[in-house]
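The values are calculated or read from the model by the stated rules, or taken from the named source; none is laboratory data. Here the structure is a predicted model, which is why all the values come from computation and not from measurement. Virtual Cβ from ideal backbone geometry, glycine too; neighbours counted across all protein chains shown.
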Amino acid sequence: GDSVTQMEGPVTLSEEAFLTINCTYTATGYPSLFWYVQYPGEGLQLLLKATKADDKGSNKGFEATYRKETTSFHLEKGSVQVSDSAVYFCARAEGGADGLTFGKGTHLIIQP
Amino acid sequence: DTEVTQTPKHLVMGMTNKKSLKCEQHMGHRAMYWYKQKAKKPPELMFVYSYEKLSINESVPSRFSPECPNSSLLNLHLHALQPEDSALYLCASSQGTGPITGELFFGEGSRLTVL
């Protein structure tokens, strides 16, 4: 099965709504966890990260907490904006030459 | 602004052409990567150069060949491509390949169209 699983979209919300994008992972060791964002026509940008259990990553109003007990790293934002419309990828780094393992991505659409 | 620079940003080529994509980073990173990305899909790893060693995704056809002239440059040579190779090609680098040093820094991508 997939080693990083995230809810697939598209997810459509109104401006100022609360956002949650779920992400769960499998790992044999102690991975680092990431959320990347990809705006239309651009490459991937790191949004936030956490390197150990109970760490909270935050950036631009987005937050995610590394939960080892539930193997989750859900992305949240309290009040989304139209400019948050993008594709969001959850990713895991366990180490090794394969780099990051990505989830399938969640397309987020924010309507005014 | 990204610290990983890719050129060209757009490339259109015929199936008999030979072209190259270029990638450069000046962060002193020891690992560089090529990914292929189709629309609204996650990036798929093609090649990794890590500490002067090449790792290949065995599903990548031989019409793609990477070259690493030095630790800050990574090229992707393209020859006899097929229309299904049309995609966004992303270069990335990382400080290392461990769980913490494996954070990827991406370029803006090269949009390839094969006619």
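Could you check the stretch A:29-51 and list, in sequence order, the residues that are more than 15 Å from the chain's Cα centre (by Cα) and more than 9 Å from every other protein chain (Cβ to nearest Cβ)?
Correct list: A:40 only.
Can you confirm whether residue B:16 is within 14 Å of chain A (Cβ to nearest Cβ) and surrounded by fewer than 16 Cβ atoms within 10 Å (Cβ to Cβ)? Answer is no for this residue.
For the stretch A:67-83, a residue qualifies if it is under 16 Å from residue A:30 (Cβ atoms) and either of a type in the set (Ser, Thr, Tyr) or at pLDDT below 95 (or both), and the qualifying residues are A:68, A:69, A:70, A:71, A:72. Taking the conditions (1) away from chain A (no Cβ under 14 Å); (2) modelled with pLDDT of 95 or more in turn, residue B:89 satisfies each one other than (1).
What's the total number of residues in the stretch A:62-82 that are part of a loop (DSSP other than H, G, I, E, B) and farther than 15 Å from residue A:109 by Cα? Count: 8. Taken over the stretch A:48-70, residues that are loosely packed, with under 13 Cβ neighbours inside 10 Å and either under 17 Å from residue A:38 (Cα atoms) or touching a helix residue (DSSP H, G or I) at 6+ places or on another chain (Cβ under 9 Å) (or both) amount to 1. Here residue A:83 fulfils each of the conditions (1) polar (S, T, N, Q); (2) in contact (Cβ under 8 Å) with a residue 40 or more places away in the chain; (3) more than 14 Å from chain B (Cβ to nearest Cβ) apart from (2).
Quick check, is residue B:104 in contact (Cβ under 8 Å) with a residue 60 or more places away in the chain and either farther than 30 Å from residue A:109 by Cα or surrounded by 16 or more Cβ atoms within 10 Å (Cβ to Cβ) (or both)? Yes, satisfied.
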